[in-house]
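Before any comments, here is the structure.
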Amino acid sequence: MTREGCVRLDAVRGVAAATLLLTAIAGAGCGARAPRPATPPPPPAAVPEAGLVIARVATLRVGLPSPRRANLLFTCDAALAAPRIGSATYARDTLDATGRRWLRVPAPSPESVGTRAPDTLSVRAFEDATDEEIALERGELDAAVFWPGELSARMRSDARFRDAELGLRSRGVVACVGAAADTLAPLRADLDALNREAFGGDLLPWREFVQPPDAAMGVAHLELDPRPEAPARWSVDATLPGARHLERILARVSRPGGTRTLKLVCIDQPVAASDAGGADWRTPGVTPLFAVRCPVLARTAAAADVRAIGAQWFAELAPCGAGAHP
C-alpha cells in the first residue's frame, strides 16, 4: 500500500472513532439538559420570629457627672457605685487598670431592659461638663449624661444632639413650700419660665408627670393641681448650689402683685408615690413643681441602643442624693 493510501485510511479511522464517541455521549444524555423533576422541592422549614430575639450591644462607653460636680439643684454626696441597668448588674473588671470597665454579671432570668443591657460598660466620670461634651464630640464616648440645665447652648443647637433623650430620675422633686392653709397654686407661667431660663426645659413639669398605675383602679393618672393660680413672691432654699442664680431668674420672670411667699426647694424623695416613702413629703403647704430629668446624649451609632434600653437607666447611673426633707 502506498503512503497516500495509509494516510487516507488513518483519516477514515479517526472519523469513525469520533462518530462512535458522539453517539455514546448522546445515548447517555450528557449532551442534553437534565429534565426537571415532576414536583417542586419542599419549602424550607419555618424560621422563628426575628422580633423574639433581642440584640444586645457588646460595649457602651458612658460619660457621667463626677460626684464632685454640683448643679443648680443639689450637691452629690455619694460615690460612683456598681452600675445597674434593669435587672443587669455589673462587676468591676479587675484586669482594667483605669477602673472604668465593668463586666455584666450573668443573670438567670433578665427582663427586657436587663436583656438589652450591654455586656461591658465603660463608665467615665467628668468633673467638668465642658470636658464631657468634648469627649462625646471626639468619639471617646457613646453616650453622656448631664445634670439638668448644664448642657451648653452649643450642644443643644448641634444637629447631632438636638433631640436628646431626657431620662427621668427616680428620686428628686423640685417643690415649693408655703403656708399650710394656702389655697392657691403658683402661676404656671412662672414655672415654665424658670424651667426654660434656668434648666433649658430639662425638668419635667409635675402636671405632665404620669404616676404609675393605681393598685385599685389599674390605671395611670396625671398629677393635676385643681387650685386656682395666683402670683407669689419667691425665695430659694439657701442650701441649693444655684440658689442665687435661681432667685435672680424668678425675680425677673415672675409676675408682680404677689402677696404671699413661696420657697423653692429640692427634695431627695422618690417621685412616684407608690415607691417606699414616696408619700412622706406630701404634706400641707408642699406643692411638687418638677421631677428631675437628665439629658442623655448619644452618638448616632449608639442612639438606637440608648433608646431601646431607656434613657432613664442612664440617668440613674449617676448616684446622687438630691436635696433634703422640707
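The values are calculated or read from the model by the stated rules, or taken from the named source; none is laboratory data. Fair warning: this is a prediction, and the values are worked out from it, not measured in the lab. With ideal geometry, Cβ positions are generated from the backbone for all residues, glycine too; neighbour counts draw on all protein chains shown. Remember, those area values only see protein heavy atoms, side chains included, never the ligands or the DNA or RNA. Shrake-Rupley method; radii C 1.70, N 1.55, O 1.52, S 1.80 Å.
Would you point out which residue out of T89, T75 is in a strand (DSSP E or B), farther than 20 Å from A55 by Cβ and either over 18 Å from the mean Cα position of the chain (by Cα) or of a type outside the set (F, W, Y) (or both)?
T89
Among V113, V105, which is the only one that is at pLDDT 80 or above, β-branched (V, I, T) and exposed (fewer than 14 other Cβ atoms within 10 Å of the Cβ)? Give the derivation first.
Working: V113 fails: exposed (fewer than 14 other Cβ atoms within 10 Å of the Cβ).
The conditions single out V105.
Determine whether S152 is out of contact with any Phe, Trp or Tyr (no Cβ under 7 Å at 6 or more places or on another chain), farther than 26 Å from L317 by Cβ and open to solvent by less than 40 Å² (accessible area, probe 1.4 Å).
On the way: out of contact with any Phe, Trp or Tyr (no Cβ under 7 Å at 6 or more places or on another chain): yes; farther than 26 Å from L317 by Cβ: no; open to solvent by less than 40 Å² (accessible area, probe 1.4 Å): yes.
Criteria not met by S152.
Please note which strands (runs of 3 or more DSSP E) are completely contained in region 100-158 and include at least 3 residues that are hydroxyl-bearing (S, T, Y) and in contact with a strand residue (DSSP E or B) (Cβ under 9 Å, 6 or more places away or on another chain).
Values: elements: 101-105, 120-126, 143-145.
Where strands (runs of 3 or more DSSP E) fall fully within region 100-158, none carries at least 3 residues being hydroxyl-bearing (S, T, Y) and in contact with a strand residue (DSSP E or B) (Cβ under 9 Å, 6 or more places away or on another chain).
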